[in-house]
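Notes follow once the structure below has been shown.
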Amino acid sequence: MRAGIFIVFIPLLVGCATYEQPIPAAPGTGEIVESSFEKKAVGEASLMTNQALKSYREGYVHATEHKAFAQSDVGAWSWKSNRTSIKYAIENSLIDCQKNNKKHEAEYPCKIINIDGKWAGER
């Protein structure tokens, strides 16, 4: 009998521990603030893996113009530079990122996050 109670009790605890409640902005205002986990990182903080960050800092930053950096929400990434136009830099980095993201591309597609040193949202 105790084992049965224990098995039922554990999922209840886990469910309670993982439920994320909205965060009020200020007492009494009724306004809800977006959870910090839901906020999108910007700039270098948006790079999800240490490899992507290292490649960005050591290669992409110093690469010639007409460059683009693509990344998916699961961490696949790629960048291309020294293209004849921004259009080709974007296309080439997306194609390469998609190759690295085959399993997740349908649900978490690669997106351009930086073009010629400007982060998405800065343009």
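The values are calculated or read from the model by the stated rules, or taken from the named source; none is laboratory data. Note that the structure is predicted; figures quoted are calculated from it, not measured. Backbone-built Cβ (ideal geometry, glycine too); neighbour counts: all protein chains shown. The accessibility values were calculated without ligands, DNA or RNA, using every heavy atom of the protein model including side chains. Shrake-Rupley method; radii C 1.70, N 1.55, O 1.52, S 1.80 Å.
Ordered by residue, what ³J(HN,Hα) values in Hz, to whole numbers, does the stretch 84-93 give under the Karplus form 6.51 cos²θ - 1.76 cosθ + 1.60, where θ = phi - 60° and Gly and Pro are x?
So the Karplus estimates, Gly and Pro as x, are 6, 7, 4, 3, 5, 4, 5, 4, 5, 5 Hz.
Rounded to the nearest angstrom and ordered from largest down, what semi-axes does the equivalent ellipsoid of the stretch 61-123 get from its C-alpha gyration tensor (root of 5λ)?
20, 12, 9
With the crude spin-label approximation of a point 7 Å out along Cα→Cβ, what separation in nm comes out for Ala45 versus Val74?
Using points 7 Å along Cα→Cβ, the separation is 2.6 nm.
For Glu122 and Thr84 in one chain, what is 0.36 nm times their gap in residues minus the Cα-Cα distance, to one decimal in nm?
The Glu122-Thr84 span can extend by a further 11.4 nm.
If you count only protein heavy atoms with a 1.4 Å probe, what accessible area per residue comes out for the stretch 37-104, rounded to a whole Å²?
Per residue, the stretch 37-104 has an accessible area of 64 Å².
Tell me, what ³J(HN,Hα) does each residue in the stretch 60-72 have, in order and in whole Hz, if you take phi through Karplus 6.51 cos²θ - 1.76 cosθ + 1.60 with θ = phi - 60° and put x for Gly and Pro?
For the stretch 60-72, the Karplus curve yields 4, 4, 8, 6, 5, 4, 6, 10, 8, 10, 10, 8, 9 Hz.
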